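Note sheet for the following structure.
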Amino acid sequence: MSQLQPPFDDTLQLEDMPVDFSDTSPIVKDEEPEEDEGPSGPRVDVQEGTTGDPNISTARGYAIVAILLFINLLNYMDRFTIAGVLKDIQDYYKLASSEDGLIQTVFIISYMIFSPIFGYLGDRFTRKYIMGFGIALWSILTFSGSFVGKDYYGVFILIRALVGIGEASYSTIAPTIIADLFAKEKRTQMLMFFYFAIPVGSGLGFIVGANVAKAFGAWQWALRVTPVLGIVCVVLIFIIVKEPQRGASEGGTHLHNTAYISDLKELLRNKTFILTTFGFTCVAFVTGALALWAPLFMYKCIKALGQDADEGNISFVFGGITVAAGFIGVAIGAETSRRMKSRNPRADPLICAFGLLLCTPFLFFSLVLTEYNIAASWVLIFFGETLLCLNWSIIADILLYIVIPTRRSTAEAVQILVSHALGDAGSPYLIGVISDALAKGYSQSPSSPSVQSATLRNAFYLTPFICVIGGGLFLASALFIEKDRAKAQRQTHALDENGDLNGGIDNPNIDVLANDVTVTVAGPNRSNVM
């Protein structure tokens, strides 16, 4: 029996564990795992209630996920309503392309800066209250932004930046609540439903934004829809959402918080976390650029071909494509992951890599065809977005099973910070800057549809290249995911590398009666009750 102590400050104990990070297993492994072992080491069967926390019923658990899904939907609707009325905002404030891109960039910068703060709070304090505060804040700010006059563009930019604070409080915390409610395949399914909200909410943002603005005759009304629903969500959070115990769904109730600097050091040592975070950064770069610029770009391309174009109709088409592609992509990605993981423990990063690499030619040729055939370009955009969306729920699932419960909000926050800082915080602005720079080489007016469509197209050619880089990073993460997942499982269940309880069952630091969780490690003479 190992004399190592349970991982309350697991950074200390891991230094004493002889962990071999070399990995010579094949990337693709078709054999079924041995009976005594799961896909990433000793199988740990947690005897749990209907949810991970016995104090939360199945009905309430599903209701909590439904509320989180609805909030996430509003989150992305709010974020992309701006893109649906971008031309109206451009005309109202008389903006250049680079100034258009700044609207999304300042929001993302604020969002990513405050994410680590809420990640720290989310690992240590009651999460429902933090979420309620954040949602109320972004609802009030979004509503206020709709009243800013045309001579106060700076104030509008400031308000959009502050909206990011509210959204950061939610995005870093919500997935960790789902993780503490459900485990294994049920968690994968719940995350799939939760992340439907990203593409569906984004698409609805384009559709609702453009059409509400058209119906009321002013773009400002587009910013007054989600705030009302946001306040409703705050009420639902305080009435229905119940805080699950951290780690309850996996039997990790013995874990305690470690110092914040220790959390960050452990995340930096986690190769899978680092590689998948940078891979997701590439996804964020591409989706951020497309989300802000695609409707306006397609509008300019149609006008350049001498055809009539309506911004509301284009936003409706692009929004519909985004909703359909996202719904199909997230579902295919999550279901493929669920089916493949039992045979190949590296399935998750491989699916993410497959989606990004296969997305590349669809994205590239959709840009090429905007010069000749808009309908064909729409079709290619649909397939490209579907493949790009394969990874949304998978990325979240990977993070949750390679990081222990008491530092998951911090991990979410770090991933948000990096992916947005290097991804969609800069990509909308960068596309606008490149477009403006290229426009100087034309003799025609920089605001003409032919010039803007050509310069935006050339700027967009950067995105397929980024997809290839992202695919390579996910392939690299497949080399380490088994060991990093097994390491997190051992820490969560207070096991050493042999599958034995660290320090034995009599160790006073283990909360034997916590939640009546039974942990069974498969294999001969390896059953202990916690």
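Values computed for the structure shown
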| quantity | calculated |
| --- | --- |
| Geometric extent, Cα atoms of region 233-361 - Rg, Dmax (angstrom) | 21.2, 67 |
| Per-residue HN-Hα couplings for region 301-309 [Karplus 6.51, -1.76, 1.60; θ = phi - 60°; Hz; x = Gly/Pro] | 5, 5, 5, 5, 7, x, 9, 6, 9 |
| Projected label distance in nm at Arg339 and Phe133, using a 7 Å step from Cα toward the beta-carbon | 4.5 nm |
| Surface share of carbon and sulfur [accessible, 1.4 angstrom probe, percent] for region 352-410 | 81 percent |
| Two-site FRET efficiency, Trp221 against Asp91, from Cβ-Cβ distance with R₀ of 25 Å, rounded to 0.05 | 0.95 |
| Of every Cα-Cα pair in region 286-363, the percent that sits beyond 18 Å | 56 percent |
| Listed residues His493, His256 arranged by accessible area, highest first, probe 1.4 Å | His256, His493 |
| Gap separating the Cα centres of region 357-387 and region 164-206, nearest whole Å | 28 Å |
| Dipole of region 179-277 [Lys/Arg +1, Asp/Glu -1 at C-beta], most positive-end residue of Tyr195, Asn270, Phe216 | Phe216 |
| Filter on Lys242/Lys487; Lys128/Lys186; Lys214/Lys242; Lys303/Lys440 - keep pairs with C-alpha separation over 31 Å | Lys214/Lys242 |
| In Hz, Karplus ³J(HN,Hα) per residue of region 403-411 (6.51, -1.76, 1.60; θ = phi - 60°; x = Gly, Pro) | 10, 6, x, 7, 10, 6, 5, 4, 5 |
| Distance cut-off 23 Å, percentage of C-alpha pairs in region 124-210 lying past it | 38 percent |
| Estimated vicinal HN-Hα couplings, Hz - region 117-131 in sequence order (Karplus 6.51, -1.76, 1.60; Gly, Pro = x) | 5, 6, x, 4, 5, x, 7, 10, 10, 5, 6, 4, 6, 5, 5 |
| Stretchable slack from Ile231 to Ala376, in nm (0.36 nm times residue separation minus alpha-carbon distance) | 48.1 nm |
| Residue-count net charge about Ala413 - beta-carbon cut-off 11 Å; Lys, Arg +1, Asp, Glu -1 | -1 |
| Full-extension gain in nm, Ser450 to Ala59, via 0.36 nm per residue minus C-alpha separation | 135.2 nm |
| Spin-label pair Ser262/Thr126, simplified geometry with 7 Å Cα→Cβ offset, distance in nm | 2.7 nm |
| Estimated FRET transfer efficiency (Tyr442, Ile240; beta-carbon r; R0 60 Å; 0.05) | 0.60 |
| Distance cut-off 19 Å, percentage of C-alpha pairs in region 318-386 lying past it | 41 percent |
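The values are calculated or read from the model by the stated rules, or taken from the named source; none is laboratory data. Note that this is a predicted model, so its numbers are computed, not measured. Here Cβ is always computed from backbone atoms with ideal geometry, including for glycine, and neighbour counts include all displayed protein chains. For the accessible areas, the whole protein counts, side chains as well, though only heavy atoms, and no ligand, DNA or RNA atoms are used. Shrake-Rupley method; radii C 1.70, N 1.55, O 1.52, S 1.80 Å.
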